[in-house]
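Chemist: Mind looking over this structure? Questions follow.
The values are calculated or read from the model by the stated rules, or taken from the named source; none is laboratory data. The model shown is predicted, which means the values in this text are computed figures rather than measured ones. Glycine gets a Cβ as well: all are built from the backbone with ideal geometry, and neighbour counts include every protein chain shown.
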């Protein structure tokens, strides 16, 4: 069974994400979070999906796109680290990814389908990871990280952004 990572297993800037993951077995948490994410974004109209709570903030669509891109990247890191790959993995600039994605031109429904497919792929990767792989260490964005920590960062990252949508965006749309 996969257990919470120790703080020494990941860079300190991921601590807020890891702290958002509730106690329990991670796969049911990821599956439940997928259902919650679907419910959250299905309730947002196409018109409202362009909303930004401040001029310099991403639109709702862009947040969902960012969640998907980040989960893909972190799942790739999980694959590499889980397989024992010691090659240093580059970081990424999330603002550049959002800017160049042109997701604002896609219906939010399509973006949500992309997130769903990405999360399902993450879940199967985790389900099929050998037990001994969770302690594997790798390097991403110039920092050491374990496979186990990456799983919790993936979960916490999505929880974080859904919370922001619920607390900062949706109240202003009412």
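Chemist: Which residue, of 60, 44, is crowded, with 19+ Cβ neighbours inside 10 Å, modelled with pLDDT of 95 or more and under 12 Å from residue 161 (Cα atoms)?
Modeler: On the way: 44 fails: under 12 Å from residue 161 (Cα atoms).
60 is the lone residue from the list that is crowded, with 19+ Cβ neighbours inside 10 Å, modelled with pLDDT of 95 or more and under 12 Å from residue 161 (Cα atoms).
Chemist: Among the residues of the range 76-97, which ones are farther than 16 Å from residue 63 by Cβ and either in contact with a strand residue (DSSP E or B) (Cβ under 6 Å, 6 or more places away or on another chain) or part of a helix (DSSP H, G or I) (or both)?
Modeler: Result: 76, 77, 78, 79, 80, 81, 82, 88, 89.
Chemist: Is one or more of the residues making up the range 150-158 closer than 12 Å to residue 82 by Cβ, in contact with a helix residue (DSSP H, G or I) (Cβ under 8 Å, 6 or more places away or on another chain) and touching a residue at least 12 places away in the same chain (Cβ under 8 Å)?
Modeler: Checked the range 150-158: at least one residue is closer than 12 Å to residue 82 by Cβ, in contact with a helix residue (DSSP H, G or I) (Cβ under 8 Å, 6 or more places away or on another chain) and touching a residue at least 12 places away in the same chain (Cβ under 8 Å).
Chemist: Looking at 120, 137, 109, which is the one that is under 15 Å from the mean Cα position of the chain (by Cα) and at pLDDT 95 or above? Let's see the steps before the verdict.
Modeler: Numbers: 137 fails: under 15 Å from the mean Cα position of the chain (by Cα); 109 fails: under 15 Å from the mean Cα position of the chain (by Cα).
On inspection, the qualifying residue turns out to be 120.
Chemist: Looking only at the range 75-97, filter to residues that are within 13 Å of residue 122 (Cα to Cα) and surrounded by fewer than 19 Cβ atoms within 10 Å (Cβ to Cβ); which one of those is nearest to the chain's Cα centre (by Cα)?
Modeler: If we take residues in the range 75-97 being within 13 Å of residue 122 (Cα to Cα) and surrounded by fewer than 19 Cβ atoms within 10 Å (Cβ to Cβ), then 76 is nearest to the chain's Cα centre (by Cα).
Chemist: Against the definition (surrounded by 13 or more Cβ atoms within 10 Å (Cβ to Cβ), in contact with a helix residue (DSSP H, G or I) (Cβ under 7 Å, 6 or more places away or on another chain), under 15 Å from residue 111 (Cβ atoms) and modelled with pLDDT of 95 or more), how does residue 21 come out, yes or no? Spell out the reasoning first.
Modeler: Working: surrounded by 13 or more Cβ atoms within 10 Å (Cβ to Cβ): yes; in contact with a helix residue (DSSP H, G or I) (Cβ under 7 Å, 6 or more places away or on another chain): yes; under 15 Å from residue 111 (Cβ atoms): no; modelled with pLDDT of 95 or more: yes.
Considered against the rule, which asks whether it is surrounded by 13 or more Cβ atoms within 10 Å (Cβ to Cβ), in contact with a helix residue (DSSP H, G or I) (Cβ under 7 Å, 6 or more places away or on another chain), under 15 Å from residue 111 (Cβ atoms) and modelled with pLDDT of 95 or more, residue 21 comes out as no.
Chemist: Scan (1) surrounded by fewer than 13 Cβ atoms within 10 Å (Cβ to Cβ); (2) free of Cβ contacts under 8 Å to residues at least 40 places away in the same chain; (3) part of a helix (DSSP H, G or I) for the single condition residue 16 breaks and write down its number.
Modeler: (2)
Chemist: Go through the range 98-141 and report how many residues are under 16 Å from residue 154 (Cβ atoms), assigned to a helix (DSSP H, G or I) and in contact (Cβ under 8 Å) with a residue 12 or more places away in the chain.
Modeler: Of the residues in the range 98-141, 14 are under 16 Å from residue 154 (Cβ atoms), assigned to a helix (DSSP H, G or I) and in contact (Cβ under 8 Å) with a residue 12 or more places away in the chain.
Chemist: Residues of the range 135-157 being crowded, with 19+ Cβ neighbours inside 10 Å and out of contact with any strand residue (DSSP E or B) (no Cβ under 7 Å at 6 or more places or on another chain), which ones? Steps first, please.
Modeler: Keep residues of the range 135-157 that are crowded, with 19+ Cβ neighbours inside 10 Å, which gives 136, 138, 140, 145-157.
Selection gives 147, 148, 149, 150, 151, 152, 153, 154, 155, 156, 157.
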